Structures are given as structure tokens and as C-alpha cells.
1. When the Karplus curve 6.51 cos²θ - 1.76 cosθ + 1.60 is applied with θ = phi - 60°, which whole-Hz ³J(HN,Hα) does each residue of segment 72-82 get, with x for Gly and Pro?
2. Please give, to one decimal in nm, the separation of the simple spin-label points placed at ASN31 and ASP65, each 7 Å out from Cα toward the Cβ.
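What follows draws every value from the coordinates through simple rules; no lab data is involved. Predicted, not measured: the structure shown is a model, and the values here were computed from it. Here Cβ is always computed from backbone atoms with ideal geometry, including for glycine, and neighbour counts include all displayed protein chains.
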Amino acid sequence: MAMNWSASKKDLDTIEMIVDRAENMYQELNNIGINAATIMMDITAAHCNGCPLDLVGLFAADNRDFFHDIHGIMKHIDRRTGKLTDCFIPHYARRTVATTTIMPNSPLDLKPMEGNIQ
């Protein structure tokens with residue numbers, strides 16, 4: 001199965017700002033092995049393949065959380081699938097709300113109790 005690279009123009013613009021910030025941070029740390037293309041591909045792959053990111057939040061994050069997420073994504077991404085491995089979840093992964101459907105008259109269907117409650 002091919003990786004999904006379909007990010008919106010707005011997302012790609014934000015990822016580009018994230019890449020610029022990350023590249024500057026890695027340069028300050030004298031980490032020569034990291035380049036903008038690698039950061040761009042890893043962030044985009046993670047975002048489009050199973051771990052949607054709060055990109056605006058990530059860009060605005062404090063240095064500690066920003067570095068945690070960027071470095072963690074780059075360390076834990078499977079570059080064949082775009083999935084994050086080793087149970088790594090970035091601080092700025094988009095939160096999803098699980099929903100449950102309760103069927104009427106099931107044991108989980110909480111109806112008001114009849115009678116007086118004291």
C-alpha cells in the first residue's frame with residue numbers, strides 16, 4: 001500500500017514553518033545529519049498516515065515539546081508506511097473523541113429509575 005502524501009495547502013504551509021524552526025533548532029545543536037527535506041517528509045508522512053497533528057499548536061509549542069515531537073517523529077517513523085512505531089505519540093497529535101452507540105434496552109441503556117429515591 002502506497003503512503004498518503006495528501007496534505008492541504010494550509011497544512012503544507014504550516015509544515016514548512018515547522019521545518020524552518022526545526023532546522024534552526026538542529027543547527028544550533030550542531031546536528032549536521034538532519035536536513036530540511038528529511039524533516040519535511042517525516043512530518044508530512046506522520047500527519048497524513050495515521051497520526052494527524054495539531055500543526056499550528058506544534059509550531060507554537062515551547063522548545064521542549066517542539067523538540068520532543070519533531071525528534072520523536074523522526075526517530076519512530078516507519079519510512080515505508082508513514083506510521084509511528086514503538087507506541088510513540090507526539091504531544092501535539094490531534095486528539096480524537098471516541099463515540100459509543102448504546103442500543104435502546106441494552107444493559108448499558110441507563111434509564112431514569114422509577115419511584116422515589118431517598
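1. Taking θ as phi minus 60°, the curve returns x, 4, 5, 6, 9, 7, 8, 6, 8, 10, x Hz for segment 72-82.
2. 1.9
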